[in-house]
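Colleague: Once you've had a glance at the structure underneath, I'll fire off some questions.
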Amino acid sequence: MLRHDILDLLVADPGKYVSGEKISQQLKVTRAAIWKQIQVLKEEGFEIEGQTKNGYCLLKTPISLDEWVLNGALNTLSLGNKLHLEDELKSTNVRAKELARQGGVHGQVVLARCQSSGLGRLQRQWESPRGGLWMSVILRPNLSLADASKLTLAASVAIVDAFEELFSLRIGIKWPNDLIFNGLKIAGILGEVVGEWNTVQTLILGMGINVNFTRERLSPLLNATTLFEILRTDVDLNILAATILKHLEKQIIALEKQAFEELRARWLERAVGLGEEVRILRGEQVSQGIFKGITIDGALLLETENGEESFTAGEVQLRSKTTNYF
Ligand code: BTN
């Protein structure tokens with residue numbers, strides 16, 4: 001792709017100018033075609049300086065999602081080896097499911113700059129304006145169906161770790177996998193099994209993070225916040241995506257080695273409401289008790305009047321009895 005070839009030449013010698021003539025010779029295209037492509041790149045947010053004598057120099061890459069930039073930021077073995085980015089999709093989970101059915105590989109990542117019908121847990125809709133990170137990963141891990149919920153826990157820990165690494169920001173996890181800052185939701189995760197787990201073993205892990213937009217862009221009814229509201233600045237979505245994928249991959253590799261303890265400990269360290277009296281809603285059914293932790297299978301453990309009971313994520317919601325935090 002001409003666009004990527006030009007960028008590859010510009011970064012080959014960082015900070016240096018590359019002449020239009022050299023690019024034209026190497027890529028076997030006219031200088032006019034290169035000039036045109038450079039204008040497109042500038043419109044997309046690449047800062048490229050052009051000097052008549054010296055040629056072009058890449059000064060800065062865009063902070064909005066870009067396949068070439070994200071690819072360069074990735075530091076993973078398999079997650080993100082194949083990227084599928086579109087400006088707008090109904091839902092990255094839906095597209096990832098389609099791709100998975102057509103043979104999409106383990107680690108393929110689907111991203112959209114905005115979603116028109118984003119999906120949330122419990123058949124809810126997920127508001128996905130421009131500036132957010134809306135990403136789904138196709139996973140075909142060496143795990144059983146019983147481990148699917150652990151993968152969604154792994155995704156929440158990966159987001160927690162990325163926020164800490166990049167922004168020194170401490171966020172909490174509300175079971176099963178809502179990411180919370182000061183009682184407000186900043187990100188959510190939707191894991192969906194494709195087909196028969198036992199035969200194809202595919203999980204779509206969808207992650208939605210409210211990043212570079214203000215709270216006003218979301219419905220006032222939502223108990224939500226955005227990273228922009230917290231940091232008061234926009235961040236590079238490519239770096240954020242790459243960092244989350246790096247942490248997620250680390251967790252998945254550990255899970256494949258049956259090492260759940262470290263993930264469980266990290267998850268519990270950030271759990272919101274641990275040790276508190278909570279209510280579990282499953283449709284009309286309500287259970288009440290003390291939130292004791294998560295089981296070895298990743299289910300929520302509640303100490304009720306009748307003893308210990310565990311709940312798998314499925315159709316369940318967690319509510320605090322005492323605070324209005326969640
Ligand atoms: C939740 O309800 O908390 C889960 C929200 C998950 C939203 C993400 S955004 C990327 C991916 N595509 C979707 O349609 N949903 C998930």
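The values are calculated or read from the model by the stated rules, or taken from the named source; none is laboratory data. As the structure is a computational prediction, the values presented were derived from the model and not from experiment. Counting neighbours? That spans all protein chains shown, and the Cβs are built from the backbone with ideal geometry, glycine included.
Colleague: For the stretch 68-88, what are the residues that are without any contact (Cβ under 8 Å) to a residue 60 or more places away in the chain and either in contact with a Ser or Thr (Cβ under 9 Å, 6 or more places away or on another chain) or surrounded by 14 or more Cβ atoms within 10 Å (Cβ to Cβ) (or both)?
Modeller: The answer is 71, 81, 82, 83, 84, 85, 86, 88.
Colleague: Using the structure shown, decide if residue 124 is at pLDDT below 95, away from the ligand (no atom under 11 Å from the Cβ) and more than 15 Å from the chain's Cα centre (by Cα).
Modeller: It is false that residue 124 is at pLDDT below 95, away from the ligand (no atom under 11 Å from the Cβ) and more than 15 Å from the chain's Cα centre (by Cα).
Colleague: Against the condition within 16 Å of the ligand (Cβ to nearest atom) and within 27 Å of residue 68 (Cβ to Cβ), how does residue 218 come out, does it pass?
Modeller: In short, no.
Colleague: Okay, next question. Any idea which of (1) away from the ligand (no atom under 15 Å from the Cβ); (2) under 30 Å from residue 299 (Cβ atoms); (3) of a type outside the set (A, V, I, L, M, F, W, C); (4) touching a residue at least 60 places away in the same chain (Cβ under 8 Å) is the one residue 144 doesn't satisfy?
Modeller: Among (1) away from the ligand (no atom under 15 Å from the Cβ); (2) under 30 Å from residue 299 (Cβ atoms); (3) of a type outside the set (A, V, I, L, M, F, W, C); (4) touching a residue at least 60 places away in the same chain (Cβ under 8 Å), residue 144 violates only (4).
Colleague: Here is a check on your reading of the model: is residue 91 touching a residue at least 24 places away in the same chain (Cβ under 8 Å) and either crowded, with 16+ Cβ neighbours inside 10 Å or out of contact with any Ser or Thr (no Cβ under 7 Å at 6 or more places or on another chain) (or both)?
Modeller: yes
Colleague: What's the number of the only condition in (1) crowded, with 23+ Cβ neighbours inside 10 Å; (2) more than 20 Å from residue 218 (Cβ to Cβ) that residue 194 fails to meet?
Modeller: (1)
Colleague: While we're on this one: Can you name the condition, by its number, that residue 226 falls short on among (1) surrounded by fewer than 18 Cβ atoms within 10 Å (Cβ to Cβ); (2) among the β-branched types (Val, Ile, Thr); (3) within 15 Å of the ligand (Cβ to nearest atom)?
Modeller: (1)
Colleague: Say we look at the stretch 91-120 and pick out the residues that are away from the ligand (no atom under 13 Å from the Cβ) and small (Gly, Ala, Ser); which of these is modelled with the lowest pLDDT?
Modeller: 103
Here's the yes/no breakdown for (1) at pLDDT 95 or above; (2) within 27 Å of the chain's Cα centre (by Cα):
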{"position": "27", "(1), (2)": "yes, no"}
{"position": "43", "(1), (2)": "yes, yes"}
{"position": "47", "(1), (2)": "yes, yes"}
{"position": "53", "(1), (2)": "no, no"}
{"position": "65", "(1), (2)": "yes, yes"}
{"position": "68", "(1), (2)": "yes, yes"}
{"position": "71", "(1), (2)": "yes, yes"}
{"position": "74", "(1), (2)": "yes, yes"}
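Colleague: Can you tell me which residue among 156, 168 is more than 9 Å from the ligand (Cβ to nearest atom), under 19 Å from residue 249 (Cβ atoms) and hydroxyl-bearing (Ser, Thr, Tyr)?
Modeller: That would be 156, the only listed residue that is more than 9 Å from the ligand (Cβ to nearest atom), under 19 Å from residue 249 (Cβ atoms) and hydroxyl-bearing (Ser, Thr, Tyr).
Colleague: Which one is surrounded by the most Cβ atoms within 10 Å (Cβ to Cβ) among residues in the stretch 293-304 that are in a strand (DSSP E or B) and free of Cβ contacts under 8 Å to residues at least 24 places away in the same chain?
Modeller: Result: 301.
Colleague: Residues in the stretch 179-211 that are at pLDDT below 95, of a type in the set (D, E, K, R) and within 15 Å of the ligand (Cβ to nearest atom): how many?
Modeller: Residues flagged as at pLDDT below 95, of a type in the set (D, E, K, R) and within 15 Å of the ligand (Cβ to nearest atom) within the stretch 179-211 amount to 1.
Colleague: Between 128, 156, which is in contact (Cβ under 8 Å) with a residue 60 or more places away in the chain, under 17 Å from residue 213 (Cβ atoms) and crowded, with 22+ Cβ neighbours inside 10 Å?
Modeller: 128
One line per residue, one yes/no per condition, for (1) touching a residue at least 24 places away in the same chain (Cβ under 8 Å); (2) within 30 Å of residue 131 (Cβ to Cβ); (3) exposed (fewer than 15 other Cβ atoms within 10 Å of the Cβ):
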position: 243; (1), (2), (3): yes, yes, no
position: 265; (1), (2), (3): no, no, yes
position: 288; (1), (2), (3): yes, no, yes
position: 291; (1), (2), (3): yes, no, no
position: 306; (1), (2), (3): no, no, yes
position: 313; (1), (2), (3): yes, yes, no
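Colleague: Which of (1) of a type in the set (D, E, K, R); (2) in a loop (DSSP other than H, G, I, E, B); (3) within 16 Å of the ligand (Cβ to nearest atom) is the odd one out, the single condition residue 234 does not satisfy?
Modeller: Exception for residue 234: condition (3).
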